[in-house]
Amino acid sequence: MPTQITHKQFASALKELADPAAVAGVSRFFRQEAGAPRTKFLGVPPGDVFPVAKRFSDLSLADVERLLDSPYYEVRLGAVSIMDFQARAKRTSPAHREALYDLYLRRHDRIDNWDLVDRAAPHVVGGWLADKPRDVLYELARSASPCERRTAIVSTWFFIRADDLDDTFRIAELLVADEHDLVQKAVGSWLREAGKRDQPRLVRFLKAHAPTMSRTMLRYAAEKLPAAARAKLTRPTS
């Protein structure tokens, strides 16, 4: 690997793996939002993107931002994967962690699919906010963008891991009536994970909100509860 790696080299490495026959399979991972720039696909499965991102994990943030500007889904997935690798690395300085966090929020317009959010938000956003005020997550939870709302709840994974559950439940309460299925699934999944740490708190939350939350969110949230506990929850009729 050359000493000075660039975004162009990363994009070229992905294009070497491109398979037009795989485009249909890869595109199913992407949810095109109304009004968003049309996304293109190289035909590189996500599982093949991650090893390339690992090889380029020392890419500068300026080059990462150039990758985020790409019209190709796989290139943007690679960009957030590099951000995630850098945020996880113990050698990463606090200044660089803050820069990763700032880049994520500043270019959230290009972090525009559920898996891009899930790949980077836990460590890039949640990791940075672990010992800091978290007001930004509540701002994101009120955003018109479903991906930003998903970031709000997904970022709390880092807190859940430390048995710090308050923000997960508070943000879930803000999003409990969300109409977007990808937000519903995220909220339900993260409630489920919080419930593994504090099952009584999850049960209390679901008893309070099950009558009005979507069936999708409730199903995901209650998935790991004992059958007897699930049976006591009032499900919505539609």
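Test Arg192 against the stated conditions and say whether it is farther than 28 Å from Gly35 by Cα and of a type outside the set (A, V, I, L, M, F, W, C). Break it down stepwise before answering.
Working: farther than 28 Å from Gly35 by Cα: yes; of a type outside the set (A, V, I, L, M, F, W, C): yes.
The answer is yes for Arg192.
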Selected residue (criterion: surrounded by the fewest Cβ atoms within 10 Å (Cβ to Cβ)) from residues of the stretch 165-182 that are in contact with a Leu (Cβ under 8 Å, 6 or more places away or on another chain) and under 14 Å from Asp135 (Cα atoms): Asp167
Mind checking whether some residue in the stretch 1-9 is closer than 14 Å to Leu77 by Cβ, in the same structural domain as Tyr73 (by TED's automatic domain parsing) and either touching a Phe, Trp or Tyr at 6+ places or on another chain (Cβ under 7 Å) or surrounded by fewer than 14 Cβ atoms within 10 Å (Cβ to Cβ) (or both)? no
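Looking at Ala141, Ala130, Ala152 in this structure, which one is buried (at least 22 other Cβ atoms within 10 Å of the Cβ) and within 18 Å of Asp102 (Cβ to Cβ)? Break it down stepwise before answering.
Working: Ala141 fails: within 18 Å of Asp102 (Cβ to Cβ); Ala130 fails: buried (at least 22 other Cβ atoms within 10 Å of the Cβ).
Within the list Ala141, Ala130, Ala152, the selection yields Ala152.
The values are calculated or read from the model by the stated rules, or taken from the named source; none is laboratory data. Please read these numbers as outputs of a predicted model, since none were measured by experiment. Because the Cβ atoms are built from the backbone with ideal geometry, glycine has one as well, and the counts that use them run over all protein chains shown.
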